[in-house]
1. Note down the nm distance, to one decimal, between modelled labels 7 Å out along Cα→Cβ at I53 and at E186.
2. Once you list every other residue whose beta carbon is under 12 Å from the beta carbon of Y47, what net charge do they have if Lys and Arg are +1 and Asp and Glu are -1?
3. Taking +1 at the Cβ of each Lys and Arg and -1 at the Cβ of each Asp and Glu, which of N65, L36, I22 sits farthest along the dipole of the range 13-218 towards its positive end, judged by Cα position relative to the Cα centre?
4. If I compute solvent accessible area with a 1.4 Å probe over the protein chains, what percent of it on the range 13-218 is carbon and sulfur?
5. Based on Cβ point charges of +1 for Lys and Arg and -1 for Asp and Glu, what charge dipole magnitude is obtained for the chain about its Cα centre, in debye rounded to the nearest 20?
6. Over the alpha-carbon set of the chain, divide Rg by the Kirkwood Rh and report the Rg/Rh ratio to two decimals.
7. Expressed as a whole number of Å, what is the distance separating the alpha-carbon centroids of the range 6-35 and the range 41-90?
8. Among K191, K16, K88, which one shows the highest mean-square fluctuation when the chain is modelled as a Gaussian network with alpha-carbon springs under 10 Å?
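The values are calculated or read from the model by the stated rules, or taken from the named source; none is laboratory data. Because the structure is a prediction, the values reported are computed rather than measured. All Cβ positions, glycine included, derive from the backbone under ideal geometry; neighbour counts span all protein chains shown. To get the accessible areas, we keep the full protein, side chains included, count just its heavy atoms, and leave off ligands, DNA and RNA. Shrake-Rupley method; radii C 1.70, N 1.55, O 1.52, S 1.80 Å.
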Amino acid sequence: MNKSEFYNDYKKVRDKAWDILIKNNVSSLPVDVFGLCERMGVKIISYTQATDIIRLYDLTEYTNNNDGFTTIINGHYIIFYDDTVNPKERLRFTVAHELGHIVLGHLLTDNVSCRKGVTIWNRGEAKEPNPSENAANIFASRLLAPACVLWALDIHSADEISKLCGLSKTAAQIRAERMRLLYEREQEWFKKYNKSCFGTSPRERAVLKQFENSIHKNT
Ligand SMILES: [Zn+2]
């Protein structure tokens, strides 16, 4: 995949995260990712709650060394997640990541069908970085920590991002590094075009509009 192909793919995933925020009227941080899944008709169930279902559908192997996985059972999307992980913020990212696999259509294009009518997203044995896993991570971080909202709140540090967005320190650090690059790009845009690079797409503006009240409250 060349650089521009990667950027196009990246943009598609980012736009999808924005679309989900817009369509579901998400208007404040931290994003209630559990409530969002419910609104979208996606069931979420912890490994602890799902012991019987996991046994019934022979899914135990997927719970090993996996923070979560996604299935279609009897036509319903169900996200299973490990509720024993630490820090707890990781749960939110896991659920957002699995939701990414669903909305990006990975279960429809690259899945394994198990016995008893279960379709499951197939991570495959591909070495990381697996493009679909990357895409689900990009989706999750853009959904939980939308750059334009962080920009409107003038958020820069990993600590702030972690608190505001309910992300683990690790995920927040990755997001903070991305924000640093975007703020740098903004400076270049100011010099070149005399305007900010944030809020240039209609989708981004729609997200900002939706978060307007919570942005004003926080600034
Ligand atoms: Zn995944």
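1. 4.1
2. Overall, the nearby charge balance is -3.
3. I22
4. The C+S portion of the solvent-accessible surface of the range 13-218 is 50 percent.
5. So the magnitude is around 640 debye.
6. Ratio of gyration radius to Kirkwood radius: 0.99.
7. When both Cα centres are located, 22 Å separates them.
8. K191
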